Amino acid sequence: MLDAAPGTPGAQASGVVRGVMLTEPKTLPACASVDDARAVLAGDHVHMVLLTQGATLLGTLTGADLVDVPADEPALAWSVLSGRTVPPDASAGVVLGLLVRASSRRLAVVDADRTLLGLLCLKRSGTGFCSDTDVAARAADSTTRRRTIL
């Protein structure tokens, strides 16, 4: 887990990760293939795939993890957990600063047993976190655009 201590101020810094995380992140089953993971990562706003077994997070994947990996390989074999998770009670401000400094935008939110609780998504602007409302609005806009095209 990311080691985040209290202290650093920033956008949305007044709370903890639990208060600013996405509560229904997209997941793939741990048995998914590399090709399955690539298909999910092809989405415009998807930067990290979460591999789960039940409610337990077993691995995460970014596009960089899958460079030159055969499509039919099991995705879990190429997944990473270290440095890609954060506890729900970590300071949102501290984590914001860590993400900006690391040029990273996603962290899986897990409890001590690695139960997946959510996903922390730094906005492209780097000024705050995506919300469930933001994601729902994007999905509704995308659906509307698809209907208009058809």
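Applying 0.36 nm per residue to the separation of Ala102 and Leu41 and subtracting their alpha-carbon distance, the gain on full extension is 19.9 nm. Shape of the stretch 39-126 from its Cα gyration tensor (a ≥ b ≥ c, root eigenvalues): rounded if a/c is under 1.5, otherwise prolate when a/b > b/c, or oblate? The shape class here is oblate.
Here the spin labels are modelled as points 7 Å beyond Cα on the Cα-Cβ line, and at Ala64 and Asp111 they lie 3.1 nm apart.
Ordering 121-130, 16-25 by mean Cβ neighbour count within 10 Å, with the highest value first, yields 16-25, 121-130.
Annotation: amide H-H contacts under 5 Å for Val16 (H modelled 1.01 Å from N, sequence separation of 5 or more, or interchain): Ala92.
Could you tell me the calculated FRET efficiency between Lys123 and Asp89, based on Cβ-Cβ distance and R0 = 30 angstrom, to the nearest 0.05?
Working: r = 22 Å, r/R0 = 0.73.
So the FRET efficiency works out to roughly 0.85.
Using 0.36 nm per residue, how much length does the chain from Ala55 to Asp72 gain when fully extended, once their Cα-Cα distance is taken away?
Values: separation 17, 0.36 × 17 = 6.12 nm, distance 2.45 nm.
Stretched fully, the Ala55-Asp72 segment lengthens by 3.7 nm.
Out of all DSSP beta bridges with both ends in the stretch 20-120, state the antiparallel percent to the nearest 5. Antiparallel: roughly 70 percent of the beta bridges in the stretch 20-120. In the context of the full set of protein chains, residues of the stretch 20-146 present 50 Å² of accessible surface per residue (probe radius 1.4 Å, heavy atoms only).
Using the Karplus relation 6.51 cos²θ - 1.76 cosθ + 1.60 with θ = phi - 60°, the per-residue 3J(HN,Hα) values for the stretch 104-113 come to 10, 10, 9, 9, 6, 9, 9, 8, 4, 8 Hz, with x marking Gly and Pro.
Please sort 85-98, 47-60 by packing, taking for each peptide the average over its residues of neighbouring beta carbons within 10 angstrom, highest first.
85-98, 47-60
The values are calculated or read from the model by the stated rules, or taken from the named source; none is laboratory data. None of these values were measured; they are calculated from a predicted model. A quick note on method: Cβ atoms are made from the backbone with ideal geometry, for glycine too, and the neighbour counts reach across all protein chains shown. In case anyone asks, the SASA skips ligands and DNA or RNA and just uses the protein heavy atoms, side chains included. Shrake-Rupley method; radii C 1.70, N 1.55, O 1.52, S 1.80 Å.
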